[in-house]
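Report on the following structure.
The values are calculated or read from the model by the stated rules, or taken from the named source; none is laboratory data. All figures in this text were calculated on a predicted structure; none of them were measured in a lab. Methodologically, a virtual Cβ is constructed for each residue, glycine included, from the backbone with ideal geometry; neighbour enumeration extends over all protein chains shown.
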Amino acid sequence: MMLSIKNLQAKIGKKQILNGIDLQVNAGEVHAIMGPNGSGKSTLASVLAGREDYEVTEGEVLFNGKNLFDFEPSDRAAEGIFLAFQYPVEIPGVSTINFMKTAVNKIRQYRGQSPLDAVAFLQLMKEKMKLVEIDQSLLSRSLNEGFSGGEKKRNEIFQMAMLEPKLSILDETDSGLDIDALKIVANGVNSLRSKNNATIVVTHYQRLLDYIVPDFVHVLYKGKIVKSGTKELAKELEAKGYDWIKNEAALV
Amino acid sequence: MSKDNQVLEEFTSKEYEHGWNVNLEADEAPKGLSEDIVRFISAKKNEPTWLLDWRLKAFRLWEKMKEPTWANVHYSKINYQDIIYYSAPKQKKSLTGLDEVDPELIKTFEKLGISITEQKRLTGVAVDAVIDSVSVATTFKSTLGELGIIFCSFSEAVKEHPELIRKYLGSVVPITDNYFAALNSAVFSDGSFCYIPKGVRCPMELSTYFRINAANTGQFERTLIIADEGAYVSYLEGCTAPMRDENQLHAAVVELYAMKDAEIKYSTVQNWYPGDKNGKGGIYNFVTKRGLCFGDHSKISWTQVETGSAITWKYPSCILKGDYSMGEFYSVAVTNNYQQADTGTKMIHIGKNTKSRIVSKGISAGKSQNSYRGQVHIMKRASNARNFSQCDSLLMGDQCGAHTFPYIDVENQTARIEHEATTSKIGEDQIFYCLQRGIDEEAAVALIVNGYAKEVLNQLPMEFAVEAQKLLALTLEGSVG
Ligand SMILES: Nc1ncnc2c1ncn2[C@@H]1O[C@H](COP(=O)(O)OP(=O)(O)OP(=O)(O)O)[C@@H](O)[C@H]1O
Ligand SMILES: [Mg+2]
């Protein structure tokens, strides 16, 4: 098993946000997480990636059999966890190219590999650029600065392609994308899919799941997974909204 | 009797008159500053009378001046009588290998990516003959010589090119300019001189590295660079390697003189010892740097990366006298721990259609204080003058301070002035974004800071820029988390 989350509880300040999450993800699988605004989807992603503000109060997370919480955030990335941010951050004066060069070589260093030389890096970049149909001029600009919403999301997927993670968590990567861009991003994700890696897609829209077809769909509500199913569940949610789930949850 | 000896004789016979009796053979002047010490320095250097007189005039003025207190820096009072103002250039104690050098220093060198040869040169380890810097310098000098470029130590220039020194020394920074400039004029030890003849583009970056006997120019350095009509020169001062010095007070003067259509680009990396983590020790750096755009269409550009010193007091300035002349100031000043920097520029617009551009990037960390102080003065005659200023401050942590003191004086209504200022913090979300991509915290800070300072670093010559980037990261090491 690649990722095993058991009874995960976390809070920020005094506010409890995750209330006992259980989730198992195997290599080769795609899981979709849906749920109303504020239910804790991004929080879950941040906790897995190791954001400091969140305090884990209960539970355990194993990543490829190792206790995830033993790893620093940057080491988690090097171990193969990638988070495509819901709100990608701007870094003025640092181009995506430069950013990725640093990231790729830091991760290689962690794995005991020698840094990529300029030629090899460029080659890798060219290949991945094609995959997500992203323009080099965008990658030469300051990271995310002045990028359109869609460009930011596409840039996240480009980075994912560059780093070839084992577990990718895509936090609302589809929001803000036009139909064409959505297809391109989905295409990119699909072509990176293999039996050795896994993907968690956080989304509000079933539409994305037509392109990235999930093996499982989970509904997160008030910091708990209250329902799991197949891709049919996503269709049901699309048609009926969340009220019936909220009602079900209230009855438990 | 040679002329030099005559001067000496004159001096020694005057000695008694001043009731001061010190052995001229001595390698070092006694502590303190007096007219006699000034005479002693001048005699030691076999200087002509006019230069001695110039020094004496400076000394007498300095005595009447008061140390400035307007800068946003605090330090215990300097005792000017407790300083030795002359000591003969000493050969550094020669070490036989790098294993004799402070391992901390070697670690820093390695982080900066400084080559072994260079490490040896900087620490005074004897370098073998093949890579002898003297031979490099000799080749270098002959190339320059063919073009008529003069590049030598200041003392050498006084002997070889007295007419140039006499004409231009103090023409940009007069001895009365300020307290530290007056002090420097009275007691300056040595420095660099550079003259680029009419229409010549200096084909290489000039750096003190290539100047023989550049070592030990001491605490009162004097530099004069003259670009004749249509000439171009790019000059590099300092190096990224940490510079230690027993002298606490440094008061250098740099004068740049650009004639019609000439361009001077002056880049500095200052990395003097900043003191320890608790703010003990460290260099006081009080520098006067000024460029005169004398001729029409001339251009002077200052670029500085300031990371060292306990106290930095420095305002490289441009006097835009020629019509259509242009002044630029690009600065990154980093302070960490207890460092204090008060730095900026002055752009004095005198000529018509003059332009200036100021880009200042302050970075404060630890408990340091970082101030930008800038003046833009548009004089009456300077119609259509333009200035653009961008002053940014980046704070790391909440115990440091960033301050900006912009002064704008406009006497001509056709002037156009734009001033932008920002203050930002390195965001936790920026750091987390980097961490999530496998970039550890130190590297993340380096990346973000270098991005922030990019516009300035881009102004530096290529190889220098790469070193400067590493230097920024190193200076801020351990300042987050
Ligand atoms: N720094 C914080 N301080 C206080 N509350 C926070 C903080 N960060 C998140 N929260 C709260 O935690 C809850 C979960 O937020 P989270 O961003 O995980 O939701 P989400 O499921 O991703 O929502 P959305 O679909 O809108 O993206 C919200 O109520 C949010 O306001
Ligand atoms: Mg969210």
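Just a few scattered comments:
- The residue list B:Ile439, B:Ile431, B:Ile426 contains one member that is over 23 Å from B:Gly362 (Cα atoms), within 14 Å of chain A (Cβ to nearest Cβ) and out of contact with any His (no Cβ under 7 Å at 6 or more places or on another chain), which is B:Ile439.
- The residues of region A:74-104 that are within 9 Å of chain B (Cβ to nearest Cβ), surrounded by 15 or more Cβ atoms within 10 Å (Cβ to Cβ) and out of contact with any strand residue (DSSP E or B) (no Cβ under 7 Å at 6 or more places or on another chain), listed by number, are A:Ser74, A:Asp75, A:Arg76, A:Ala77, A:Ala78, A:Pro88, A:Val89, A:Asn98, A:Met100, A:Thr102, A:Ala103, A:Val104.
- Test: residue in region A:66-83 that is closer than 20 Å to A:Ile12 by Cα, part of a loop (DSSP other than H, G, I, E, B), within 16 Å of ligand 1 (Cβ to nearest atom) and within 20 Å of the chain's Cα centre (by Cα): no
- Only one of A:Asn247, A:Asn190 that is on the phi < 0 side of the Ramachandran plot, over 18 Å from the mean Cα position of the chain (by Cα), part of a helix (DSSP H, G or I) and away from ligand 1 (no atom under 16 Å from the Cβ): A:Asn247
- For region A:121-137, filtered to residues that are over 11 Å from A:Lys101 (Cβ atoms) and aliphatic (A, V, I, L, M), the residue that is surrounded by the most Cβ atoms within 10 Å (Cβ to Cβ) is A:Val132.
- Hits in region A:1-23 (condition: of a type outside the set (A, V, I, L, M, F, W, C) and touching a Phe, Trp or Tyr at 6+ places or on another chain (Cβ under 9 Å)): A:Ser4, A:Lys11
- Of all residues in region A:86-143, those satisfying the criterion of being of a type in the set (S, T, N, Q) and either touching a His at 6+ places or on another chain (Cβ under 7 Å) or farther than 30 Å from B:Asp392 by Cα (or both) are A:Asn105, A:Gln109, A:Gln113, A:Ser114, A:Gln123.
- Of the residues making up region B:192-205, those that are out of contact with any His (no Cβ under 9 Å at 6 or more places or on another chain) and either on the phi > 0 side of the Ramachandran plot or surrounded by fewer than 24 Cβ atoms within 10 Å (Cβ to Cβ) (or both) are B:Cys194, B:Pro197, B:Lys198, B:Gly199, B:Val200, B:Arg201, B:Cys202, B:Pro203, B:Met204, B:Glu205.
- Scan of region A:1-46 for residues that are part of a strand (DSSP E or B), within 11 Å of A:Gly223 (Cα to Cα) and within 16 Å of ligand 2 (Cβ to nearest atom), ordered by number: A:Ala10, A:Ile17, A:Leu18, A:Ile21
- Some residue of region B:391-400 being within 14 Å of chain A (Cβ to nearest Cβ), over 22 Å from the mean Cα position of the chain (by Cα) and among the aliphatic types (A, V, I, L, M): yes
- Answer from A:Pro88, A:Pro92, A:Pro73 - the residue that is within 16 Å of ligand 2 (Cβ to nearest atom) and not acidic (Asp, Glu): A:Pro88
- Reported count of residues in region B:146-169, each being out of contact with any Pro (no Cβ under 8 Å at 6 or more places or on another chain), aliphatic (A, V, I, L, M) and under 16 Å from B:Thr49 (Cα atoms), is 4.
- Qualifying residue in region B:312-321 (condition: surrounded by fewer than 24 Cβ atoms within 10 Å (Cβ to Cβ), over 20 Å from B:Asn178 (Cα atoms) and over 20 Å from the mean Cα position of the chain (by Cα)): yes
- Close pairs from region B:444-460: first within 7 Å of chain A (Cβ to nearest Cβ), partner part of a loop (DSSP other than H, G, I, E, B) and of a type outside the set (Ser, Thr, Tyr), Cβ under 8 Å, at least 6 apart: B:Leu447/B:Ile439; B:Ile448/B:Ile426
- Residue within region A:24-44 that is hydroxyl-bearing (Ser, Thr, Tyr), farther than 24 Å from A:Tyr110 by Cβ and within 14 Å of another protein chain (Cβ to nearest Cβ) present: yes
- Options B:Ala382, B:Ala415, B:Ala444, B:Ala453: the member that is touching a Leu at 6+ places or on another chain (Cβ under 9 Å), within 30 Å of B:Gly322 (Cβ to Cβ) and crowded, with 18+ Cβ neighbours inside 10 Å: B:Ala382
- Considered as a group, the residues in region A:20-35 that are crowded, with 18+ Cβ neighbours inside 10 Å and over 17 Å from A:Asp215 (Cβ atoms) include one that is nearest to ligand 1 (Cβ to nearest atom), and that residue is A:Gly35.
- Subset of region A:219-233 [within 16 Å of ligand 1 (Cβ to nearest atom) and part of a strand (DSSP E or B)]: A:Val219, A:Leu220, A:Tyr221, A:Lys224, A:Ile225, A:Val226, A:Lys227
- Residue within region B:17-31 that is assigned to a loop (DSSP other than H, G, I, E, B), polar (S, T, N, Q) and modelled with pLDDT of 85 or more present: no
- When the test is whether a residue is within 14 Å of chain B (Cβ to nearest Cβ) and touching a helix residue (DSSP H, G or I) at 6+ places or on another chain (Cβ under 8 Å), A:Phe63 does not pass it.
- Every listed requirement among (1) touching a residue at least 40 places away in the same chain (Cβ under 8 Å); (2) more than 14 Å from chain A (Cβ to nearest Cβ); (3) not acidic (Asp, Glu) is met by B:His377 save one, (1).
- Of residues in region A:47-58 being within 16 Å of ligand 1 (Cβ to nearest atom), outside any helix (DSSP H, G or I) and touching a residue at least 40 places away in the same chain (Cβ under 8 Å), the one nearest to the other protein chains (Cβ to nearest Cβ): A:Asp53
- All of (1) within 14 Å of chain B (Cβ to nearest Cβ); (2) more than 24 Å from A:Asn190 (Cα to Cα); (3) of a type in the set (Phe, Trp, Tyr) hold for A:Phe69 with one exception: (1).
- Checking each residue in region B:466-481 for being among the β-branched types (Val, Ile, Thr) and in a helix (DSSP H, G or I) picks out B:Val466, B:Thr475.
- For B:Gln436: the one exception among (1) crowded, with 20+ Cβ neighbours inside 10 Å; (2) farther than 28 Å from A:Ala103 by Cβ; (3) not aliphatic (A, V, I, L, M): (2)
- Filter pass, B:Asp276 being part of a loop (DSSP other than H, G, I, E, B) and closer than 28 Å to B:Gln340 by Cβ: yes
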